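J.: My structure is below; once you've seen it, I'll send some questions.
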Amino acid sequence: TRKTRTKRKKNLTSRPPLVAEIMPPVLRVVLTRQSGDVLLIVPPMFVVDRACLGVHLLKSCADKAGIDISLLYANLSLASQLGEPRYTKTTTWKSYPYHTMLGERLFARVAHQLPQPPHWRDVSLDPSRVFGRSRSFQQAWERVSEREQLPLTSAEFDDFERQLDGWADRVAQAVVERGYRLVGCTTSFAQTNASFALLTRIKRLQPSVVTIIGGRNCDGEMAQGIASLDPTGEVIDHIFSGESEATFVDFLCRFRKGSRSNRRIITGQPCDDLDALPPPDFTEYLNQLRHFSAEPAESLERVALIYETSRGCWWGAKRQCTFCGVNSTGLRYRRKSNETVLADLRHFAEAYPHKRVYLNDSAMNPEQFESLMPELAALQLPLSFASAQRANLSLTDVLRLKAINSFFVEPGVEFFSSSFLSSINKGTKTRHNIQLLRYSRAANLNLVYAILCGVPGDRLSQYRQMFELFGLMRHLMPPAALYHLSIDRFSPYFSEPEKYGITHLEPLGTYREVFPPGADVDKLAFHFVGEYECDSHRHLEVLEALVREIEEWRAAWENTEGEPVALQVVQTGGQYLLFDSRQLPGNPPMQFLDEAQARAALVGRRYAAIPEIEWALMHKVGVVLDDWYIPLAVADVELLRRFEAEQEEGEPGR
């Protein structure tokens, strides 16, 4: 554990000292080389409003070893040229289905001289080409996806793509003119073809430059897939696979001494001591964001820095979710000490002008809720946080997330059927998901979650149960979307397909559209499709109905003109009132409750046929699932806390 740290506040009010004007005045590439000769590039189509954690960690590790390297956010450069709104709508997951691989498609010709198929929206994105012989995937996708809402028309796509050649040429020219001897790109989110386009041009202009690539798309045997794009090694000299903080610094030390590894693929090992890693320095990102943005102040307001308190997944290390695509070598859970996390976040609050931080953890360990969260809240830092969490959070956990000023939480809800959740190894039940939505409504904590469909062995009864629940839960936060299963590399569905009855496993057809014929697509691919039995593929009308249900729920929730739907218990003096605006047949909009009924409306327990629970079931204020009575109403946090504490005393170990 680091006992002391030298903290230096960065000057973010002045432009970096060296600016290469390689494009029209509207668009510039900022290169800050002063002493180092190593450059790491964040290519398109990475989002503009988040820093790329990996390159900043590598830079900080290199700095710690006394090696100066520079960073270039080429994605910001392209966004500036195209216009940020236009660029952004091609990079957000809400804008287009994952199967289009739009970022790779845009750079396919620029990187590999691939001819763009005519009528690309109708031909190259046709489900029969994308999903191949997997008819069930194809038909289910047509029910779930929003293909007609792709962000670019054919004309817009052509105009967008025409600008990429000149842009890539000018970026490469600027890099070479600065004299960097080692240039690398990161590829994690539709960045492989953009990386290849830039590195190809850099090598063409200056063959002596050593080129490297790394990132999630190089994990495991995907590194061999990257190598297959350049089998002779003319473009990419070295490929870093896995966690690379140690191997990257070792490579730089050897490179500085005039020596190089004889391995083309350099495989890293998971870092066991996260406290030994220096904190990421986001100065270059923020400077370049301000430089490229048409509205710097607005851009800094919405940007989120990325920070990790842990790596791996504490739950997945015990039982990996069946659809989880985290490499098994990186699944082992490791976390930083509270001392390190708090010191890093103090530094963020002091050093950077904006205050949004996205915690990159797969999910926080329960111990972090007990120790780290209260300590972080006590510091009262001027920061707000987003994070991913498991769904089985207690009311105390939700209040702790609220206390650290969480601006949203992504919980792993996935579905509202315990048997469905069990089949995908979530380790949670329907009551946990409903409970989280209730607690979040009470605490005014924003959730962003989606519903998963189309998994092997799903049953129609599971969807029917969820439909019935949705009709009772309009007062709770709706899902953001319905998404169909993607069989991702490293997931149990991929590594053990026979266990789940999956046959004809093959890469998503889009990979063959966006990469050259000689590429080893079987190793390049992260997304796969296959054939398997499931009720949702046999009853496609259920998917259509789910899409409509979620859309209607969201529309009602987002209606700002009327009062939000409510199912709420309010205590006034010694009386309890239940307000119910769900407009269910036979339910009055308001009724007086005795204390037993108020408790039944708010506190879960094992099912017993007692009068107050029967009253709650009759008025659809609660439901019974898995032999458990699950309340649906919400209330003031203090009333919830009091009732739950009293119930806990009466039923220890529940």
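J.: I'd like the trypsin sites (Lys or Arg not before Pro) in the range 444-506 restricted to DSSP loop residues with at most 16 other Cβ atoms within 10 Å, sorted by number.
T.: Counting only loop positions with at most 16 other Cβ atoms within 10 Å, the trypsin sites (Lys or Arg not before Pro) in the range 444-506 are Arg459.
J.: Moving to a separate point now. Work out the P(r) tail for the range 199-249: percent of alpha carbon pairs separated by more than 16 Å, whole number. Could the numbers behind the result be given before it?
T.: Details: 534 of 1275 pairs.
Pairs farther apart than 16 Å: 42 percent.
J.: Mind checking the alpha-carbon convex hull of the chain and giving the volume per residue in Å³?
T.: In the chain, the Cα convex hull volume per residue is 166 Å³.
J.: Which angle from 0 to 90°, rounded to the nearest 10, does the C-alpha axis of helix 430-443 make with the longest principal axis of the chain?
T.: Here the helix axis deviates by roughly 90 degrees.
J.: Can you give the helix-only mean residue ellipticity at 222 nm for the chain, where every DSSP H stretch with n ≥ 4 adds -39500 (n - 2.57) and the sum goes over all residues, rounded to the nearest 500 deg cm²/dmol?
T.: Result for the chain: -11500 deg cm²/dmol, rounded to the nearest 500.
J.: Strictly greater than 26 Å: what percent of every Cα pair in the range 460-574 meets that?
T.: 47
J.: Here's another thing I want to ask about it. Where q = 0.13, 0.14, 0.24, 0.25 Å⁻¹, what log10 of I(q)/I(0) comes from the Debye formula for the range 128-188, counting one point per Cα?
T.: Computed log10 I(q)/I(0) values: -0.68, -0.73, -1.01, -1.04.
J.: Here is a further query. Once each part is reduced to its C-alpha centroid, what is the distance from the range 380-446 to the range 348-363 in angstrom?
T.: Rounded to whole Å, the Cα centres lie 20 Å apart.
J.: What number comes out for accessible area per residue over the chain if the probe is 1.4 Å? Units Å², please. Please list the in-between numbers first.
T.: Numbers: 26550 Å² over 654 residues.
For the chain, the per-residue accessible area is 41 Å².
J.: Express the Stokes-Einstein translational diffusion coefficient of the range 483-545 in µm² s⁻¹, to the nearest whole number, given a Kirkwood radius over alpha-carbon pairs, 25 °C and a viscosity of 0.890 mPa s.
T.: The Stokes-Einstein estimate is 188 µm²/s.
J.: Here's something else I'd like to know. Show me, for the range 555-572, the HN-Hα J-couplings you get by feeding each phi into the Karplus relation (A = 6.51, B = -1.76, C = 1.60, θ = phi - 60°), rounded to Hz, glycine and proline as x.
T.: Result, ordered by residue: 4, 5, 5, 8, 5, 8, 7, x, 6, x, 4, 10, 9, 9, 9, 10, 9, 10 Hz.
J.: Semi-axes, largest first, in whole Å: what does sqrt of 5 times each Cα gyration tensor eigenvalue give for the range 215-342?
T.: The answer is 27, 24, 18 Å, longest axis first.
J.: Give me the base-10 log of I(q)/I(0) for the range 337-437 at each q in 0.13 Å⁻¹, Debye formula, one uniform scatterer per Cα, rounded to two decimals.
T.: Cα-only, vacuum Debye calculation for the range 337-437: -0.50.
J.: I would also like to ask the following. Compute the acute angle (0 to 90°) between the alpha-carbon long axis of helix 192-205 and the principal axis of greatest extent of the alpha-carbon atoms of the chain; round to the nearest 10°.
T.: 10
J.: Considering the Cα positions of the range 526-605, please state its Rg to one decimal place and its Dmax as a whole number of Å.
T.: 19.9, 60
J.: Eigenvalues of the Cα gyration tensor times 5, then square-rooted: what semi-axes does that give for the range 282-370, in whole angstrom, largest first?
T.: Numbers: eigenvalues 189, 56, 20 Å².
Each semi-axis is the square root of five times an eigenvalue, giving 31, 17, 10 Å.
J.: Just to be sure I understand the curve: with the Debye formula and one point per C-alpha of the range 502-654, what is log10 I(q)/I(0) at q = 0.10, 0.14 Å⁻¹?
T.: Summing over Cα pairs of the range 502-654 leads to -0.61, -0.83.
J.: When DSSP beta bridges are limited to those with both residues in the chain, what percentage is antiparallel, rounded to the nearest 5?
T.: Roughly 40 percent of the beta bridges in the chain run antiparallel, per DSSP.
J.: What whole number of Å gives the distance from the Cα centroid of the range 74-90 to the Cα centroid of the range 213-276?
T.: 29
J.: Per the 1.4 Å probe, what fraction of the accessible area of the chain, in percent, lies on carbon and sulfur atoms?
T.: Here it works out to 50 percent.
J.: Next question, about the same structure. Going by a 4.7 Å Cβ-Cβ cut-off, which cysteines of the chain have no partner at all?
T.: Cys52, Cys61, Cys185, Cys218, Cys253, Cys271, Cys313, Cys453, Cys534
J.: I need the fraction of alpha carbon pairs in the range 123-229 separated by more than 18 Å, rounded to a whole percent. Please list the in-between numbers first.
T.: Details: 3655 of 5671 pairs.
Roughly 64 percent, rounded to a whole number.
J.: Now for a different question. Considering only Cα-Cα distances, which of the following residue pairs are longer than 25 Å: Lys429/Lys523; Lys318/Lys402; Lys64/Lys318; Lys203/Lys257; Lys426/Lys620?
T.: Flagged as over cut-off: Lys429/Lys523; Lys318/Lys402; Lys64/Lys318; Lys426/Lys620.
J.: Loop-only check: which GluC sites (Glu not before Pro) in the range 131-219 are DSSP coil with at most 14 other Cβ within 10 angstrom?
T.: Glu146
J.: Here's a follow-up. What is the Cα centroid distance between the range 469-490 and the range 513-528, reported in whole angstrom?
T.: Each part reduced to its Cα centre gives a spacing of 30 Å.
J.: Restricting things to alpha carbons, find the Rg to Rh ratio for the range 566-648 using the Kirkwood radius for Rh.
T.: Result: Rg/Rh = 0.93.
The values are calculated or read from the model by the stated rules, or taken from the named source; none is laboratory data. Please read all numbers here as calculations on a predicted model, not as lab measurements. Positions of Cβ are generated from backbone atoms using ideal geometry, with glycine treated the same way; all protein chains shown enter the neighbour counts. Only protein heavy atoms, including side chains, enter the accessible area calculation; ligands, DNA and RNA are left aside. Shrake-Rupley method; radii C 1.70, N 1.55, O 1.52, S 1.80 Å.
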